Amino acid sequence: MCGRFTLTVDLEAVLDLIPGLKPKFERWPGARYNVAPTQPVPTVLNDGDRALTLSRWGLIPFWAKEASIGNRMINARAESVHEKPAFRAAFRKQRCLIVADGFYEWTEVPGQRRKQPMYIRLKSGEPFAFAGLWDRWRDPAEGEDAAPIISCTIITTEPNELAAQYHNRMPVILHRDDYEAWIDPGDHPPERLLPLLQPFPADLMEAFPVSTRVNTPANDDATLVQPLDAPTALM
């Protein structure tokens with residue numbers, strides 16, 4: 001799964017990911033070192049606007065009775081995303097990019113009950129985009145005048161050789177050449193989209209242990225991504 005990630009680069013670096021991308025929010029949140037579910041995350045929706053916006057992490061399907069369902073829907077499995085009732089409509093019509101520059105996974109420590117957090121990123125340090133889905137929800141208790149909530153989920157897949165050392169899943173990191181296809185507006189069949197949901201090449205990534213301070217979402221500072229020892233990269 002993917003339960004925490006980072007986006008520490010400046011806004012200009014994010015906008016450079018996609019030609020013509022424009023910000024669409026009142027205030028850029030700045031560097032984030034411990035992005036957690038239910039928080040606003042930077043997204044590019046396939047609504048044709050080519051805009052960088054902020055969406056709530058944890059998908060709330062349009063048919064949901066309560067927003068709390070989103071707390072359980074922070075990830076969607078690539079193998080079944082086109083079939084699950086909660087995701088299949090969004091997979092065909094409402095896809096998004098979720099921008100990040102690293103993510104955390106927790107691995108077992110032999111002989112200890114605690115788990116060691118690992119920080120995983122591209123060796124280049126560049127930002128990238130997770131494959132995501134989005135939806136628009138209005139609280140039925142408030143009627144048609146309710147303000148809409150735009151929410152999203154991160155798609156996960158089988159891990160590559162690096163991520164497999166720490167977890168049995170990893171988020172789908174899209175290749176830049178696939179961004180346009182993923183956020184192309186309209187209804188697309190699964191056979192066109194599923195091939196994009198592959199593990200990112202392990203030789204382009206690195207991982208290293210970081211402080212257990214990341215376990216607490218309230219901690220959000222640069223020390224969280226400082227390695228406890230030399231980075232371990234799969235060559």
For the chain, the percent of all C-alpha pairs falling in each 10 Å bin, from 0 up to the bin holding the max distance, is 8, 33, 37, 18, 4, 0
Ranked by GNM mean-square fluctuation in the chain (Cα springs under 10 Å), the top entry among E180, E108, E26 is E26
The extension gain from D139 to E191, computed as 0.36 nm times the residue separation minus the Cα-Cα distance, is 15.4 nm
If amide H atoms are modeled at 1.01 Å from N in the peptide plane, then the residues at a separation of 5 or more from V9, or on another chain, having amide H under 5 Å from its own are none
For the range 46-170, the Cα convex hull volume per residue in Å³ comes to 137 Å³
Under the helix-only model (-39500 (n - 2.57) for each DSSP H run of 4 or more, divided by the residues of the chain), the mean residue ellipticity at 222 nm, to 500 deg cm²/dmol, is -1500 deg cm²/dmol
In whole Hz, the Karplus estimates of ³J(HN,Hα) for the range 145-156 (6.51, -1.76, 1.60; θ = phi - 60°; x where Gly or Pro) are 7, 5, 5, x, 10, 8, 10, 8, 9, 9, 7, 10
Expected vector for the range 61-67, Karplus 3J(HN,Hα) from phi with 6.51, -1.76, 1.60 and θ = phi - 60°, integer Hz, x for Gly and Pro, equals x, 4, 8, 5, 7, 9, 5
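Arranged by the count of other C-beta atoms within 10 angstrom, fewest first, what order do F130, F208 take?
The fewest-first ordering by Cβ neighbours comes to F208, F130.
No lab work stands behind these numbers, since they all come straight from the coordinates. Treat the numbers as computed from the prediction; the structure is a model and nothing was measured. Ideal geometry is used to build each Cβ from the backbone, glycine not excepted, and the neighbour counts take in all protein chains shown.
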